[in-house]
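What follows is a short report on a single structure.
The values are calculated or read from the model by the stated rules, or taken from the named source; none is laboratory data. What you are looking at is a predicted structure, and each value in this text was computed from that prediction instead of being measured. Cβ sites come from the backbone with ideal geometry, for glycine too, and all protein chains shown count toward neighbours.
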Amino acid sequence: MHCYRVEPGQAAQIAARDTRDVQGFPGDKRAGKARIKELNAQLEALQEVLYAEGKHKVLIVLQAMDTGGKDGTIRHVFDGTNPQGVKVASFKKPTSSELAHDYLWRVHNHTPGSGEIAIFNRSHYEDVLVVRVHSLVPEHRWRRRYDHINAFEQLLADEGTTILKFFLHISKDEQKARLEARLDEPHKQWKFAKGDLAERELWGDYVEAYEEALTRTSTESAPWYVIPADRKWYRNLAISTIIVDALTRLGMKYPDPEDGLDDIKIE
Ligand code: ATP
Ligand code: MG
């Protein structure tokens, strides 16, 4: 799954990447789903030792176009983990109080503590994406933000945070199909937002904004992964694999037990 990493200093080349790619896994959908079950069990075990050891912090950033599958990713990839140690922060349109501060102000408070995994469902990247596409602040202001973001993420990494950032990459056709499904299926209609259609018209602008954001902010300490996301099972599999690999590499251990536990008898 390493091929999905945006190498620091190199162009993300989003437009050249296949949203239906499956080369990272040899099997079909059935085999993929079985593999996801195994990965879920591994992630559950890793999260428990992360929590018990209380040393590392883990930040997962999820970004995507509308209907890209952030919610489904959170549901499936983290299935089985302990809600005590995993928190999700969803970043919506900023409130007036959030807008009155710098754009990282609302974000910092949701970063993970020791032993925790924090999942950002959208993130500070909106401040160089939607903000850029809609000119919500002038260009000279959002342009400086790549440096702020890199410095902010380096700070988190220096203080013990493992950061993994995922762009769920769907095609414009796949978005059409998913929007249609939201219209057609009664239990999905609540998800349909007319505003998403206006954003869809700006598809090209968003691709441009994502391209520059991912290119400028994929670093060794906080790499971006462009995940082929038209196939949901493959998207989940790719993300699970990358997270499990990264957490395994931390070499975490359960804390040593207190001395003399062998002699204890519970009456
Ligand atoms: P779903 O896929 O379920 O629709 P969502 O993440 O799109 O989930 P919404 O409530 O539909 O959730 O949308 C959140 C909106 O908030 C997005 O349009 C996003 O661009 C916007 N937003 C997030 N952060 C900012 C920001 N800093 N400035 C302006 N808009 C923002
Ligand atoms: Mg939405």
Test of understanding: among Phe120, Phe152, which residue is part of a strand (DSSP E or B), more than 9 Å from ligand 1 (Cβ to nearest atom) and surrounded by 17 or more Cβ atoms within 10 Å (Cβ to Cβ)? Phe120
Give the residues of segment 203-224 that are in contact with a Leu (Cβ under 7 Å, 6 or more places away or on another chain) and crowded, with 21+ Cβ neighbours inside 10 Å, sorted by residue number. Tyr210, Ala213, Trp224
Look through segment 102-117, keep the residues that are charged (D, E, K, R) and under 15 Å from Phe91 (Cβ atoms), and return whichever of them is farthest from ligand 1 (Cβ to nearest atom). Asp102
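Yes/no matrix, rows are residues, columns are (1) surrounded by fewer than 18 Cβ atoms within 10 Å (Cβ to Cβ); (2) outside any strand (DSSP E or B); (3) among the β-branched types (Val, Ile, Thr):
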{"residue": "Ala12", "(1), (2), (3)": "no, yes, no"}
{"residue": "Asp18", "(1), (2), (3)": "yes, yes, no"}
{"residue": "Pro26", "(1), (2), (3)": "yes, yes, no"}
{"residue": "Gly32", "(1), (2), (3)": "no, yes, no"}
{"residue": "Ala45", "(1), (2), (3)": "yes, yes, no"}
{"residue": "Val58", "(1), (2), (3)": "no, no, yes"}
{"residue": "Asp66", "(1), (2), (3)": "no, yes, no"}
{"residue": "Asp71", "(1), (2), (3)": "yes, yes, no"}
{"residue": "Thr81", "(1), (2), (3)": "no, yes, yes"}
Before we move on, is Glu220 outside any helix (DSSP H, G or I) and farther than 21 Å from Met65 by Cα? yes
Condition first: more than 23 Å from Asp158 (Cβ to Cβ), in contact with a Leu (Cβ under 8 Å, 6 or more places away or on another chain) and more than 16 Å from ligand 2 (Cβ to nearest atom). Can you find one or more residues in segment 79-94 that meet it? yes
When the residues of segment 105-129 are filtered to those that are in contact (Cβ under 8 Å) with a residue 12 or more places away in the chain and hydrophobic (A, V, I, L, M, F, W, C), which remaining residue is farthest from ligand 2 (Cβ to nearest atom)? Ile117
From Leu156, Leu202, Leu250, Leu237, residue being in contact (Cβ under 8 Å) with a residue 12 or more places away in the chain, touching a helix residue (DSSP H, G or I) at 6+ places or on another chain (Cβ under 7 Å) and under 30 Å from Lys57 (Cα atoms): Leu237
Residues that are at pLDDT 95 or above and either more than 16 Å from ligand 2 (Cβ to nearest atom) or touching a Phe, Trp or Tyr at 6+ places or on another chain (Cβ under 6 Å) (or both): does segment 67-74 have at least one? no
Answer yes or no as to whether Leu59 is more than 14 Å from ligand 2 (Cβ to nearest atom) and under 19 Å from Ile227 (Cβ atoms). yes
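Yes/no per residue for (1) within 23 Å of Arg249 (Cβ to Cβ); (2) over 16 Å from the mean Cα position of the chain (by Cα); (3) loosely packed, with under 15 Cβ neighbours inside 10 Å:
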residue	(1), (2), (3)
Phe91	no, no, no
Thr111	yes, no, no
Ser135	no, yes, yes
Glu139	no, yes, yes
Looking at segment 168-209 only, could you name the residues that are closer than 16 Å to His134 by Cβ, within 16 Å of ligand 2 (Cβ to nearest atom) and part of a helix (DSSP H, G or I)? Gly195, Asp196, Leu197, Ala198, Glu199, Arg200, Glu201, Trp203, Tyr206
Looking at (1) under 22 Å from His169 (Cβ atoms); (2) of a type outside the set (Lys, Arg); (3) within 12 Å of ligand 1 (Cβ to nearest atom), find the lone condition where Trp190 falls short. (1)
